[in-house]
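Okay, structure first, notes after.
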Amino acid sequence: MEKSVLILNGPNLNMLGVREPHIYGTTTLDDVELICRDKATKLGLEVSFLQSNHEGELIDAIQHAYGQQDGIILNAGAFTHTSVALHDALKAVGLPAVEVHLSNTFAREPFRHHSYISPAALGVICGFGVTSYLLALEALADNFKQ
Ligand code: DQA
């Protein structure tokens, strides 16, 4: 049976393509979804793709993944640096999760250097644009085989 992955995007990621293109590029979130779906098909994974600007909705999505999905890819946007609640939600469901970022958060402002998500994640991939998501899909596909 195909393993399934929830790809979850947090605040302002719906603005990709418009938002600070010198940092985030010109790829839209719809493009990111298409590129991820293509990669997932090649890896034999099923994906659900969701974006929300609301912390509670992201928490709900993580909770709903319990028993429904086999893994999570999370770009929590700015909530990465603020949300104990998202950390707790990942811990609560216990699914293998990969934290992703388009930009290299460590090469940016100091307030982006700390992540509440990382300690609850299997690993972190940042700085490769949409490729961060594709590497995360590969990492999860590999993890499912172990
Ligand atoms: C981001 C990095 C975060 O610091 C920022 O708040 C975002 C996007 C990224 O993908 O590079 O919204 O998660």
| note | Scanning the stretch 59-99 for residues that are surrounded by 15 or more Cβ atoms within 10 Å (Cβ to Cβ) and among the acidic types (D, E), the one nearest to the chain's Cα centre (by Cα) turns out to be E99
| said: Out of the residues in the stretch 1-46 meeting the condition of being assigned to a strand (DSSP E or B) and of a type in the set (V, I, T), tell me which one is nearest to the ligand (Cβ to nearest atom). | reply: I7
| request: Could you figure out which of (1) of a type in the set (S, T, N, Q); (2) within 13 Å of the ligand (Cβ to nearest atom); (3) at negative phi isn't true of Q69? | output: (2)
| note | Listed by range, strands (runs of 3 or more DSSP E) wholly within the stretch 58-146 having at least 3 residues that are touching a helix residue (DSSP H, G or I) at 6+ places or on another chain (Cβ under 9 Å) and free of Cβ contacts under 8 Å to residues at least 24 places away in the same chain are none
| note | Per the list (1) part of a helix (DSSP H, G or I); (2) farther than 25 Å from K145 by Cα; (3) within 15 Å of the chain's Cα centre (by Cα); (4) not hydroxyl-bearing (S, T, Y), residue check on N53 breaks on (1)
| query | Among the residues of the stretch 109-121 satisfying the criterion of being touching a strand residue (DSSP E or B) at 6+ places or on another chain (Cβ under 7 Å) and buried (at least 17 other Cβ atoms within 10 Å of the Cβ), which is nearest to L58 (Cα to Cα)? | reply | I117
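Could you check the stretch 13-27 and list, in sequence order, the residues that are crowded, with 16+ Cβ neighbours inside 10 Å and within 19 Å of L74 (Cβ to Cβ)? Quick ask: steps written out before the conclusion?
Quick first cut of the stretch 13-27, residues crowded, with 16+ Cβ neighbours inside 10 Å only: 13-14, 16, 24-25, 27.
Selection gives L13, N14, L16, Y24, T27.
Restricting to the stretch 15-67, name every residue that is in contact with a strand residue (DSSP E or B) (Cβ under 7 Å, 6 or more places away or on another chain) and within 17 Å of K3 (Cα to Cα). Give the derivation first.
Keep residues of the stretch 15-67 that are in contact with a strand residue (DSSP E or B) (Cβ under 7 Å, 6 or more places away or on another chain), which gives 29, 33, 36-37, 40, 45-51, 58, 61-62, 65.
C36, R37, A40, L45, E46, V47, S48, F49, I62, A65, listed by residue number.
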| request: Determine if the stretch 100-108 includes at least one residue that is away from the ligand (no atom under 15 Å from the Cβ), under 15 Å from L6 (Cα atoms) and either surrounded by 16 or more Cβ atoms within 10 Å (Cβ to Cβ) or of a type in the set (D, E, K, R) (or both). | output: no
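No lab work stands behind these numbers, since they all come straight from the coordinates. Keep in mind it's a predicted model, so treat the numbers as computed, not measured. With ideal geometry, Cβ positions are generated from the backbone for all residues, glycine too; neighbour counts draw on all protein chains shown.
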